[in-house]
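Where a number appears in this text, it was derived from the coordinates with a stated rule and is not lab data. Just so it is clear, the model here is predicted, and its values are computed rather than measured. Glycine gets a Cβ as well: all are built from the backbone with ideal geometry, and neighbour counts include every protein chain shown.
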Amino acid sequence: MTFRQARWDEPPLWELAPPKAATTNGPAIALPGVPDRWLRKTALRWPELSEPEIARHYTRLSQMNFGIETSAYPLGSCTMKYNPKVSEMLARRPGAADVHPYQPESTVQGSLEIIYRLEKLLAKVTGLREVSLQPAAGAHGEYAALLMVRAYFQDQGKLGQRTEVLLPDTAHGTNPASAAMAGFTTREIPSKNGCVDLGMLKEAISERTACFMLTNPNTAGLFESDIMSIARTVHDAGAMLYYDGANLNAIMGVSSPGRMGFDVAHLNLHKTFATPHGGGGPGAGALGAGEELAPYLPVPRVAKDKRRYYLDYQRPKSIGKIKTGYGNFGLDLRAYVYILSHGEEGLAHVSRRAVLNSNYLADRLGKFLPRPFGKLVKHEFVLSGARLKKEGVRTLDLAKRLLDEGVHAPTVYFPSLVEESLMIEFPETESRRELDAFVEAFDRAIHDTPQHLREAPKNLSVGRVDEVRAARELQLSWKDLRAAAVPPPPAARPATTPPPP
Amino acid sequence: MLRSLGLPSFDALFDDIPKGVRVARMGIGPGRTEPEVVADVDKILARNKPVSRFSNFLGGRISSRYLPAIVDALISRSEFLTSYTPYQPEASQGMLQALFEFQSLWVELSGLDVANASLYDGATAAGEAMLLCRRIHLGDRFLVPASLPWEEKSVLGNYGVGLGLKVAEIPFDPSTGRLDLEWVDREVRRGDVFGVLADVPNGFGLVDERVLDLKSTIGTVPLVVSADPLALTVLQPPGEYGADIVVGEGQGFGMALSFGGPLLGLMACRREHVRFLPGRLVGATQDVNGRRAYTLTLQTREQHIRRSRATSNICTNQSLVALAFVLYASSVGPTRLARLQADLAEKARALATALDGIEGLKVPRFTAPFLGEFTMELAQGNAVGFLDRMLAKGVLAGHSLSDPRRAVKSGPELVHVAPSQAANTADIRKYVKAAREALVPGPMGSA
């Protein structure tokens, strides 16, 4: 059966109902007491649309988008698992959705209790002393953590000396970017066989090192088995050890950041704890800290006094605030529901199943493309598409060809230490049938002709998108389209696939 | 599956994890069935009192608005809700087009050239705007109104600390609440100011005419305006009075209160600064067949390519909230949006007028014009106590503008008041009656 995505010629909103030409006959609306020079000379230029027009427009757009409910989404390091419906239902309850963050504490005891309980649960999962839910996303948690490390060394009078953050070359791009924003210089430690080269780390680490940032299992899908020596090396040098929790889905119930010796960690609740990714966000980036760094967590902390929950601002060492409010509460609630549903054994089984899926798939796909690190993997693994280059085929072509099979492509060209890499993660919510179907799709794709691969995709709403042209011409809004006065799109054709009933 | 791998048990999958870092158990209790979980969560949520139970006058950057049903219905479509960042444009045209529409709307509202595809919230957007200013102008001091909400000052401090940037506060006229432009002029002449931020409405709810003259005071120093999107449906787009960057909090357009998260960071800049812009950008282009298509563009600014030299560390943003934003604005429509802002302004005016003259209250505290929110000062007692007494009478009367981190309580007790969309004439009457009683210390007044 061939996959076909809906192909609507759906114009942007302003072409559906072109707004009337702007008039300049004085202010659009009068506001008593507000001087005229404050007011808009012309009304906002935006279309007036009916509800059915809007419903149809966005329904059509949605049909031109892959989601976890249309297909498997094996993006490595992204942990695209199914998002349970019960979490969605509960997050929309008026008791959750219609509560303002500035209400008096006595009226928000429920929200505070959810935050308090989830922080305690995540502290147990991570083996760290305290958790804050304030960061909006993983990278935001990284940034907050590095500010905490900064503040810690400032208190020790060592900030002038500890100016460097070390990280392995397999690190997510957010790690060096967060370190730079926090005012540290960064140095990458080369990997050996996909893992941290302990010798190189020992050579690089010094009294200048503030922090070593590590993802474990790392982005090559390997568990850093030297973790105890790594932790000792970092702590002997007087530095802090940071855990990037993007890959926590592999180790719940088996190990934990705290047990491995990490001082501070962020978790992506939108990965491991199944909150929906929303087309790129919102996420939630819980931040855990051990004994030394916990006093530096953002305020307020949610605290409990007998039976009353309250917001505790009296944390003199705290770095302060990193966003408005107390975090992405709507996502926190979903993560709480997920943990409550799974419990101890359920979470441990999530990790077992995710790692099993990954090893099963690595074993089967290893027959098509080499696995640069031929050992036991955790929740994800890496293949190299380098040999396809001889036939003039790039990993990108293979990724696009996979889309034609109705499955999302893996992460490509990361980690960069593997040439033409594909990074594949099939979380525990994917059944063996999905895995086998992916193997078959992969088989068809990789054995297709080089020309077909380079011309893919054919079955989606658009063909290969010209990204070079996008960067060169930079049409970033309706305003740019107006300026360029681009010709209107071709006359509407019937969709090649009727929308589902 | 284990058998096909030749593994005896699940344990063998974890042979690479040393005994020394194993955990026996996490200690989080057994899993529960769906009805048990629902019952547990509902029991906890029942301890919340949603805003609908009160006469609601809570605002600030986070607004209590009616959400048209269509907004949640469409953002709940799983193709949007459960998709990842659109790294493969061919598989993600729907989300990409929606984000392009979102960017277009913020360009129209801000009066600038380029908007990104969202940041975390208004406060972090202001932080990122400060860093953008530093990329286009030298200096180490960033000026913000002293009236800026304390949360935003704290976030700005945290976004600047790594680069050694200092946030300095622009004083305001104690009577009008207006920015002291002479002070700004003096400070800018020292040559170490790399950017100036002004908010519309400001932390006191004022629309301060001085903001319109700010750019001519600071010249080539970049101007950041942090603006409420609803206010921009009636007020001049900041791009027209010299703003170089426009940021804002977008929650009020389509997102539930949800105890303050998720929110939406809005950001736009001038075309010449697009390569310094943080966050994702969607561009229009074509596919190989010349068909209109959309894709993420200028990704070389971003962390996954540029690593430590990226314009920001941001990866996950607020895409779905951005979709809600454009959905909300489109379903309400430009005419009714402007009308809504005018109605809220009328309610705020009616309440302020009715409260004026009550002993112990100075309403509004400042004489500069305001839209849908204002600030009042209590002559005696503290704001938190007043708000608690108002609560006892069924009124969410606003929020205190004091920084709760301060160890010693001192300074004026200011309350920020913003009638919600749901507040009607009866609620306003109720507020006035309750305020008279709450201000009289008595047996009920000790809360």
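Among the listed pairs A:Lys271/A:Lys323; B:Lys362/B:Lys393; A:Lys41/B:Lys347; A:Lys158/A:Lys317; A:Lys271/A:Lys317; A:Lys81/A:Lys378, give every one whose C-alpha distance is greater than 26 Å. Don't jump to the answer; show the numbers that get you there.
Working: A:Lys271/A:Lys323 21 Å; B:Lys362/B:Lys393 21 Å; A:Lys41/B:Lys347 24 Å; A:Lys158/A:Lys317 16 Å; A:Lys271/A:Lys317 30 Å; A:Lys81/A:Lys378 16 Å.
Flagged as over cut-off: A:Lys271/A:Lys317.
Per residue of A:364-375, what is the mean number of Cβ atoms on other protein chains within 10 angstrom of that residue's Cβ?
Working: counts 2, 0, 0, 0, 0, 0, 0, 0, 0, 0, 0, 2.
Mean number of neighbouring Cβ atoms from other chains: 0.
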For peptide B:2-10, how many partner chain Cβ atoms fall within 10 Å of a residue's Cβ, on average? 3
Sum -39500 (n - 2.57) across every DSSP H segment of at least 4 residues in chain A, then divide by the residue count to get the 222 nm mean residue ellipticity, nearest 500. -10500 deg cm²/dmol
Prolate/oblate/rounded label for region A:56-162 (Cα gyration tensor, a/c 1.5): oblate
To the nearest 0.05, the calculated FRET efficiency linking B:Thr353 and B:Ser52 through their beta-carbon distance, R0 being 22 Å, is 0.25
Can you give me the Cα centroid spacing of region B:368-413 and region B:262-339 in angstrom? 37 Å
Taking R0 as 22 Å, what's the FRET efficiency between A:Gln451 and A:Arg387 from their Cβ-Cβ distance, rounded to 0.05? 0.75
Tell me, what is the percent relative contact order of chain B, built from C-alpha pairs under 8 Å that lie six or more residues apart? 21 percent
Based on the alpha-carbon gyration tensor of region A:118-231, what equivalent-ellipsoid semi-axes (square roots of 5 times the eigenvalues) come out, in whole Å, largest first? 22, 20, 14
Once the piece of chain linking A:Ser206 and A:Tyr82 is laid out straight, how much longer is it, given 0.36 nm per residue of separation minus the C-alpha distance between them? 40.3 nm
When only Cα pairs under 8 Å and 6 or more residues apart are kept, what is the percent relative contact order across chain A? 20 percent
Could you work out [θ]222 nm for chain B from helices alone, using -39500 (n - 2.57) per DSSP H run of at least four and dividing by all its residues? Round to the nearest 500 deg cm²/dmol. -10000 deg cm²/dmol
In nm, to one decimal, how far is the modelled label at B:Glu36 from the one at A:Val439, with both set 7 Å along Cα→Cβ? 3.6 nm
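Rounded to the nearest 20 debye, what is the charge dipole size of region A:39-101 about its Cα centre when +1 sits on each Lys and Arg Cβ and -1 on each Asp and Glu Cβ? The partial results should precede the final answer.
Working: 9 positive and 6 negative charges, 41 e Å.
My answer is approximately 200 debye.
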Post the alpha-carbon centroid distance, region A:32-70 to region A:153-180, in whole angstrom. 42 Å
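What's the extension gain from B:Ala168 to B:Val432 if we count 0.36 nm per residue and subtract their Cα-Cα distance? Could the numbers behind the result be given before it?
Values: separation 264, 0.36 × 264 = 95.04 nm, distance 3.73 nm.
So the chain would gain 91.3 nm between B:Ala168 and B:Val432.
Taking each residue of B:121-130 in turn, how many C-beta atoms of other protein chains fall within 10 Å of its C-beta, and what is the average?
The shielding value for this peptide is 3.
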Order by protection proxy (mean Cβ within 10 Å, highest first), peptides A:201-209, A:393-401: A:393-401, A:201-209
DSSP H helices in chain A with Cα extent of 18 Å or more along the helix axis and mean Kyte-Doolittle hydropathy at least 0.0? A:109-126, A:138-155, A:329-365
Cα→Cβ-extended label distance, 7 Å offset, between A:Lys20 and B:Tyr66, nm: 2.4 nm
So for R0 = 35 Å, FRET eff. of A:Arg4-A:Glu345 from the Cβ-Cβ r, to 0.05, ends up at 0.25
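Would you work out if chain A is rounded, prolate or oblate? Take a ≥ b ≥ c from the square roots of the eigenvalues of the alpha-carbon gyration tensor; rounded if a/c is under 1.5, else prolate when a/b is larger than b/c, oblate otherwise. Show your work: numbers first, answer last.
Working: a/c = 1.65, a/b = 1.12, b/c = 1.48.
Oblate is the answer for chain A, as a/c is 1.5 or above yet b/c matches or exceeds a/b.
Give the average over all directions of the projected area of the C-alpha convex hull of region A:362-484, one decimal, in nm². Walk me through the intermediate numbers first.
Working: hull surface 38.5 nm².
In nm², the orientation-averaged hull projection of region A:362-484 is 9.6.
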Can you give me the span-like helices of chain B, meaning DSSP H runs with 27 Å or more of Cα extent along the axis and Kyte-Doolittle mean at or above -1.0? B:334-355
Short to long, in 10 Å steps from zero, the percent of alpha-carbon pairs of region B:14-56 per bin is 19, 24, 20, 20, 10, 5, 0
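Using the Cα gyration tensor of the protein assembly as shown, with a ≥ b ≥ c the square roots of its eigenvalues, what is the shape: rounded (a/c below 1.5), prolate (a/b larger than b/c) or oblate (neither)?
Numbers: a/c = 1.62, a/b = 1.32, b/c = 1.23.
Judged from the Cα gyration tensor, the protein assembly as shown comes out prolate (a/c at least 1.5, a/b above b/c).
Multiply the residue separation of A:Glu467 and A:Ser416 by 0.36 nm, subtract the distance between their alpha-carbon atoms, and state the gained length in nm to one decimal. Before the final figure, lay out each step's value.
Values: separation 51, 0.36 × 51 = 18.36 nm, distance 2.07 nm.
In short, 16.3 nm is gained.
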Spatial separation of Cα centroids for region A:323-355 and region B:24-80, in angstrom: 15 Å
Mean separation of Cα contacts under 8 Å, 6 or more apart, over the residue count of region B:119-202: relative contact order %: 39 percent
